[in-house]
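For reference, the structure is listed below as C-alpha cells.
The values are calculated or read from the model by the stated rules, or taken from the named source; none is laboratory data. Note that the coordinates shown come from a computational prediction; the quantities given were computed from them, not determined experimentally. Note that we place each Cβ from the backbone using ideal geometry, even for glycine, and neighbour counts take in every protein chain shown. These accessible areas exclude ligands, DNA and RNA; they are computed on the full protein's heavy atoms, side chains included. Shrake-Rupley method; radii C 1.70, N 1.55, O 1.52, S 1.80 Å.
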Amino acid sequence: MTEMPRDVDAQRVHHALAVPSRRRLMALLREADGLLGVGDMATATGLSVATVRHHLAALAEAGLVTATASAGPGRGRPRLRYAATGPDPREEPADSAFRELAQVLAEAVGGGPGASREAGLGWGRRLAGSGPAAERVFAAAARMGFAPGDAPQPDPGTRRVLLHACPYLELARTRPEVVCAVHQGVLEGLLESSGTTVRLLPFIGPDLCAADLRPA
C-alpha cells in the first residue's frame, strides 16, 4: 500500500467516511491481497458499478484510495484498479460518537426484544412512504446506513431484500435482542399500511442480513 499524503484534509476524510458504503469499500480494499477493480467491488458489496465508481471518486479525492491503470484483455482504454492508502490517525470513523451512544442506549434498554421491537415500530412508521413495499424497504435501509440489494426469490411468493453493511454490526453481534429486534420493528412499521408482512433474517452471512417480504 502507498503512504497517505501528509496534506490530506482531515475534514474531507471524515466527510468521505461518513457514508457506510464507502467504509465497506475501504474494508474490502484493505483486506485485499492486491488491486481491486470496480466490478470486483460491485460484486462483493451488492452495489451497482455506477455507485461504486461514485464512492471511489469521493474516497480518492480524500486521499484514501489510489487508482492504477492496467491493460485489460483486447483493445480499449486501460482499466482502473484500486488500492487503499496507508492508515492515518485522522481516519477515525466519522460516526464513532454515534456508535458509542448506540452502545450506551442498547445497554440501557429494558424489557427485552419486545420493547426493542416496539421502539423500532414507531421509527418505521415515521420513515414509511407510500410506494411499493420493496421500495419502502430499499429507501429506509439506505437512509439508515445499510447497502440494500436484490436477491433471488426464496419462493414464488416472497421478495427478498439483502441488507449489506449493517451500521451497527458489532453491536448487533453482541446485543441482537436489542438491535435486531429494533430492525424487525422498523421493517414492520414501514410496511404496516402496505398489506405486506416482513421477516428479518439476521446474519445469513458473516456481515449480511436479509428481509423477506410477503403479501399478507
### Simple spin-label estimate for residue 177 and residue 50 in nanometres, 7 Å along Cα-Cβ
4.5
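How high is the relative contact order of the range 107-169, in percent, counting Cα pairs under 8 Å that sit 6 or more residues apart? It would help to have the intermediate numbers written out before the result.
Working: 50 pairs, mean separation 13.8, N = 63.
This gives 22 percent for the range 107-169.
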### Query
If you roll a 1.4 Å probe over the heavy atoms of the protein chains, what accessible area per residue do you get for the range 152-216, in Å²?
46
### Query
Considering only the other residues whose Cβ falls under 15 Å of the Cβ of residue 187, what net charge follows from Lys and Arg at +1 and Asp and Glu at -1?
+4
### Query
Gain in length, residue 57 to residue 31, computed as 0.36 nm per residue apart minus the alpha-carbon separation, to one decimal in nm?
7.4 nm
